1. So Gln14 clears everything in (1) polar (S, T, N, Q); (2) within 22 Å of Ala126 (Cα to Cα); (3) touching a helix residue (DSSP H, G or I) at 6+ places or on another chain (Cβ under 9 Å); (4) open to solvent by 10 Å² or more (accessible area, probe 1.4 Å) except one condition, right? Which one?
2. Just to verify a result, which residue in region 30-62, among those that are surrounded by fewer than 23 Cβ atoms within 10 Å (Cβ to Cβ) and touching a Gly at 6+ places or on another chain (Cβ under 9 Å), is nearest to Gln135 (Cα to Cα)?
3. Which residues, taken from region 101-120, are open to solvent by less than 20 Å² (accessible area, probe 1.4 Å) and among the polar types (S, T, N, Q)?
4. Within region 128-150, which residues are more than 19 Å from Asp63 (Cα to Cα) and more than 17 Å from the chain's Cα centre (by Cα)?
5. Which residue, of Leu31, Leu57, Leu21, is in contact with a His (Cβ under 9 Å, 6 or more places away or on another chain), part of a helix (DSSP H, G or I) and under 25 Å from Leu138 (Cα atoms)?
6. Every residue in region 63-100 that is out of contact with any strand residue (DSSP E or B) (no Cβ under 6 Å at 6 or more places or on another chain), part of a loop (DSSP other than H, G, I, E, B) and among the hydrophobic types (A, V, I, L, M, F, W, C), please.
7. Where the second residue is hydroxyl-bearing (Ser, Thr, Tyr) and open to solvent by 10 Å² or more (accessible area, probe 1.4 Å) and the first is more than 13 Å from Gln155 (Cβ to Cβ) and lies in region 97-120, which pairs have Cβ atoms under 7 Å and are six or more apart or on separate chains?
Amino acid sequence: MNNPITSTLSKDEQAVAGKALQETVVDLIDLSLIAKQAHWNVVGQQFRSVHLELDELVTAARDFTDAAAERATAIGVSPDGRSETVAKTAGTKGFGEGWTKDVDVVTAIVANIKTVVDGLRSRIEATEKADPVTQDLLIGFAARLEQLHWMWQAQVA
């Protein structure tokens, strides 16, 4: 099918912004899946607080995923959030299987959030000239995820 959505960006700008948004979509989808896996399998003395905070992270990641995918669509780029695409291209660290101690969950979540933020920071730089609107969106994601990164780290400091 021909592209039914046209863009106000040039082809080069669209390519840069589209790549940044696609990478963001898959990272955020995987972050939400990692957090849900941890949510279901966390055990330990901090169970309740970690369990609830994981849902907060899932909500943020899902909201950001939708915003990134819709931005991609708005600039004429078809987002790809299929499981096979996420599995092949996400830059996240992942999460193990089975019951996981609360302290280990926190450590894994901190590492995954950091990885996602690192990717966002690279994409923020890449989109500066190509598409300031996409850059602004990514800056907002990074700001919130950096706040969550701090809060997760504070639990084991």
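1. For Gln14, the exception is condition (3).
2. Gln37
3. Listed by number, the list holds a single entry, Asn112.
4. Of everything in region 128-150, those that are more than 19 Å from Asp63 (Cα to Cα) and more than 17 Å from the chain's Cα centre (by Cα) turn out to be Glu128, Lys129, Ala130, Asp131, Pro132.
5. Checking each option against the conditions leaves just Leu57.
6. Ile75, Val77, Ala90, Phe95
7. So the pair list comes out as Asn112/Thr92; Thr115/Thr92; Val116/Thr92.
The values are calculated or read from the model by the stated rules, or taken from the named source; none is laboratory data. Keep in mind that what you see is a predicted model, and the values were worked out from it rather than measured. Cβ coordinates were reconstructed from backbone atoms using ideal geometry, including for glycine residues, and neighbour counts include every protein chain displayed. All accessible areas refer to the heavy atoms of the entire protein, side chains included, with ligands and DNA or RNA removed. Shrake-Rupley method; radii C 1.70, N 1.55, O 1.52, S 1.80 Å.
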